[in-house]
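Just below is one structure, and these are the notes that go with it.
Taken together, the values in this text are just the output of simple stated rules run on the coordinates, not laboratory data. On a predicted model such as this, the values are computed, not experimentally measured, just so you know. Neighbour counts are summed over all protein chains in view; Cβ atoms, including those assigned to glycine, are modelled from backbone coordinates with ideal geometry.
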Amino acid sequence: MNIVEDRVFLGQRVRLDYTSYRNCVFQDCEIVVNTGNFDLEGCEFTGCSLHLGGYAQQVAKIMYIFYPDKIPLIFKEGEKSPLAEDSLNLEDEFVEPS
């Protein structure tokens, strides 16, 4: 697993999968999760959107079915749900941590 520490991401599309993020700041970013195989420690998210695909999307769907009153799905008006089948184009460019 890659490790990214003390980095600031501004207005970027960032895929969390296969990476451990420590003490990072994500501001106005598009956060993408497909596998759920990532770690977050001491990170801050401000003004970010979340897009789920693959296994992460399936887990979110079942969690919402079992706990709809505890896991609200909140979206900005006009924004696609992160659970929508077509909400994520997996061919788009991602920021790869360095």
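Tell me, which residue of segment 52-70 that is in contact with a Ser or Thr (Cβ under 7 Å, 6 or more places away or on another chain) and small (Gly, Ala, Ser) is farthest from ILE31 (Cα to Cα)?
Among residues in segment 52-70 that are in contact with a Ser or Thr (Cβ under 7 Å, 6 or more places away or on another chain) and small (Gly, Ala, Ser), the one farthest from ILE31 (Cα to Cα) is GLY54.
State which residue pairs qualify: first residue in contact (Cβ under 8 Å) with a residue 12 or more places away in the chain and inside segment 52-66, second residue polar (S, T, N, Q) and part of a helix (DSSP H, G or I) in any location, beta carbons under 9 Å apart, and separation of 6 or more residues or different chains.
Pairs found: LEU52/GLN58.
May I ask you to list the residues in segment 19-51 that are of a type in the set (A, V, I, L, M) and farther than 13 Å from VAL4 by Cβ?
If the condition is that a residue be of a type in the set (A, V, I, L, M) and farther than 13 Å from VAL4 by Cβ, then ILE31, VAL32, VAL33, LEU50 are the ones that fit.
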